[in-house]
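In what follows, a single structure is set out as structure tokens and then discussed.
The values are calculated or read from the model by the stated rules, or taken from the named source; none is laboratory data. Just so we're clear, the structure is a prediction, and the values are computed from it rather than from any experiment. Methodologically, a virtual Cβ is constructed for each residue, glycine included, from the backbone with ideal geometry; neighbour enumeration extends over all protein chains shown. These accessible areas exclude ligands, DNA and RNA; they are computed on the full protein's heavy atoms, side chains included. Shrake-Rupley method; radii C 1.70, N 1.55, O 1.52, S 1.80 Å.
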Amino acid sequence: MNKFIITINREYASGGRIIGEMLAKKLGVPFYDRKLIELAAENSGLSPDFIEETQSRPTNTFWQNLARGTNFNVGYCASDEVYAVQCRTIKEVAEQGSCVIVGRCAGYVLRDRQDKFSIFIHAPFEDRVKRAIESYGVDPDKARETAIQHDKGRANYYRTYCEDNWADLHSYDMTINSSVCGIEGTVQLLADAIKDRFGLK
């Protein structure tokens, strides 16, 4: 079977994680989300909780300055260390074989690979608010603000470490509105597109 690496970025409560998990199962390949944090922890000696917490509060220091060629004093930055560890882990996973990776800037980290297919999953805001309440158990009074804050957090993390814009549709090989065909329909559409792209049966 031809090797392929599927990376998925998604808006909060668009169903991106479950779509990724179901897609991996349908294609018969490993699925990486929270498991990437666990692998990064094993590789680095950092705790999974530390990695996850640090990811939610990135600091704009070493990596942006390096990309811009700015003079700076190199000092310890937890989020930079976590990002570096995560990058190594993503590249190692990609070398091992076909897989589906959700989040973690994986599409950007693997941007030079020819066997990578990047996807962005989105949905209308009200649909996402409804899913947050019904599927994630978010307080209805806080669901809208929760969705906004999660999206801002993901965009900020991406902006801190990547040259691309998280929500720029031109940054992806394929974008899809998960509300059009629902979760299962979206999985099927993506599976068909991936099989066509990589010549799979």
Collect the residues in the range 139-152 that are over 23 Å from Arg104 (Cα atoms) and surrounded by 12 or more Cβ atoms within 10 Å (Cβ to Cβ), keeping them in residue-number order.
Lys142, Ala143, Arg144
Count of the range 78-102 residues which are open to solvent by 10 Å² or more (accessible area, probe 1.4 Å) and small (Gly, Ala, Ser)
4
Suppose we keep only residues that are within 12 Å of Val82 (Cα to Cα) and among the small types (Gly, Ala, Ser) within the range 26-48. Which one would you say is farthest from the chain's Cα centre (by Cα)?
Gly45
What residue, of Arg131, Arg113, is touching a residue at least 60 places away in the same chain (Cβ under 8 Å), in a loop (DSSP other than H, G, I, E, B), out of contact with any Phe, Trp or Tyr (no Cβ under 6 Å at 6 or more places or on another chain) and open to solvent by less than 60 Å² (accessible area, probe 1.4 Å)?
Arg113
Just checking, how many residues over the range 15-42 are part of a loop (DSSP other than H, G, I, E, B) and either among the aromatic types (Phe, Trp, Tyr) or more than 19 Å from Glu95 (Cα to Cα) (or both)?
1
Tally, over the range 182-200, of residues that are open to solvent by 70 Å² or more (accessible area, probe 1.4 Å) and farther than 15 Å from Lys25 by Cα:
2
Taking Asn165 as meeting all but one of (1) surrounded by fewer than 15 Cβ atoms within 10 Å (Cβ to Cβ); (2) at pLDDT 95 or above, write down the number of the exception.
(2)
For the subset of the range 71-110 comprising residues that are part of a loop (DSSP other than H, G, I, E, B) and among the hydrophobic types (A, V, I, L, M, F, W, C), which member is modelled with the highest pLDDT?
Leu110
What are the pairs with Cβ atoms under 6 angstrom where one residue, in the range 180-201, is closer than 17 Å to Asp115 by Cβ and the other, located anywhere, is modelled with pLDDT under 95 and surrounded by fewer than 16 Cβ atoms within 10 Å (Cβ to Cβ)? Sequence gap at least six, or different chains.
Phe198/Asn2; Gly199/Asn2
Which of (1) more than 27 Å from Glu134 (Cα to Cα); (2) modelled with pLDDT of 95 or more is the odd one out, the single condition Tyr12 does not satisfy?
(1)
